[in-house]
1. Can you give me the number of residues within region 49-78 that are of a type outside the set (D, E, K, R), in a loop (DSSP other than H, G, I, E, B) and in contact with a strand residue (DSSP E or B) (Cβ under 7 Å, 6 or more places away or on another chain)?
2. For region 183-193, indicate whether the set of residues that are among the polar types (S, T, N, Q), more than 15 Å from ASP75 (Cα to Cα) and touching a residue at least 60 places away in the same chain (Cβ under 8 Å) is non-empty.
3. Is it true that ASP134 is modelled with pLDDT of 90 or more and of a type outside the set (Phe, Trp, Tyr)?
4. Which of the numbered conditions does ARG19 fail, given that it passes all the others? Conditions: (1) surrounded by fewer than 20 Cβ atoms within 10 Å (Cβ to Cβ); (2) closer than 28 Å to HIS186 by Cβ; (3) touching a helix residue (DSSP H, G or I) at 6+ places or on another chain (Cβ under 9 Å).
5. Would you mind stating whether ARG28 is within 11 Å of the chain's Cα centre (by Cα), crowded, with 16+ Cβ neighbours inside 10 Å and in contact (Cβ under 8 Å) with a residue 40 or more places away in the chain?
6. Take the residues of region 79-125 that are at pLDDT below 85 and assigned to a strand (DSSP E or B): which is nearest to VAL190 (Cα to Cα)?
7. Do you know which residues across region 143-164 are out of contact with any Pro (no Cβ under 7 Å at 6 or more places or on another chain) and in a strand (DSSP E or B)?
8. Which residue pairs have Cβ atoms under 7 Å apart, sit 6 or more places apart or on different chains, and have a first residue in region 84-110 that is over 23 Å from ALA8 (Cα atoms) and a second that is surrounded by 12 or more Cβ atoms within 10 Å (Cβ to Cβ) and among the β-branched types (Val, Ile, Thr)?
Amino acid sequence: MSIRWSPATVALPDGDYDRERASDGLSRFGVYLRQNAAPLTDPGWPLSAAEFAASVWRIATEPVMSPGYIRTRPDLRAITPAWDEATGKLLFEVHLPLPHQALADRRAVPPRWRDWQHESVFGEDEHRWWAEPDGGRPAVLTTCVIRLPVDDSWHLPEPGHLTPGHALTVAAKQSVAAVAARLNEHAGPVVAALRSGKEAR
């Protein structure tokens, strides 16, 4: 994997892997986009910048692409788009598992109750994958959700009228790169603070 994580980085495109593993010799993400092109390129229903970003983010990340064109840091459970029911605006939610040490009173958790399990991923010992334990014993699994509303400062590119092919791939890559940049800017420092705070307890 060509991605190296920092404490305040939560999502990055992996362009090297995308090119190297492309079945068409150009872009693995582009192949997935062509397979899901109908709702992205309907000439009678052009998507807004927010709608396009939400749609292509889902394609660019697991479980649709595995591994994703957009890589999320292994110690996060997911980064997902959602729509605010009150305002109708796009949100992105960063799902961050927190261990028992992060609880206000960890002694409230019985000693034999289980926590998130850690596993190293591709040598990333600092940012390990967090997995649910098996169901053999009770568990307390805490997740913090960081919700970020998308506004004009995210500078999401307008997709315009697209057809399946190179133009769609370029537009989609620009869109998910813009989302990843804003996630790193706004959520990254919060994730870093929560992780360092947890370790300091």
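The values are calculated or read from the model by the stated rules, or taken from the named source; none is laboratory data. Computed from a predicted model, the values in this text were never measured in an experiment. Cβ: placed from backbone, ideal geometry, glycine included. Neighbour counts: every protein chain shown.
1. Of the residues in region 49-78, 4 are of a type outside the set (D, E, K, R), in a loop (DSSP other than H, G, I, E, B) and in contact with a strand residue (DSSP E or B) (Cβ under 7 Å, 6 or more places away or on another chain).
2. Looking for residues that are among the polar types (S, T, N, Q), more than 15 Å from ASP75 (Cα to Cα) and touching a residue at least 60 places away in the same chain (Cβ under 8 Å), one finds none in region 183-193, hence no.
3. Numbers: modelled with pLDDT of 90 or more: no; of a type outside the set (Phe, Trp, Tyr): yes.
Criteria not met by ASP134.
4. (2)
5. So ARG28 fails the test.
6. In this case the residue turns out to be HIS118.
7. Within region 143-164, CYS144, VAL145, ILE146, ARG147, LEU148, PRO149 qualify.
8. Between residues of region 84-110 that are over 23 Å from ALA8 (Cα atoms) and residues that are surrounded by 12 or more Cβ atoms within 10 Å (Cβ to Cβ) and among the β-branched types (Val, Ile, Thr), the close pairs are LYS89/VAL150; VAL109/VAL140.
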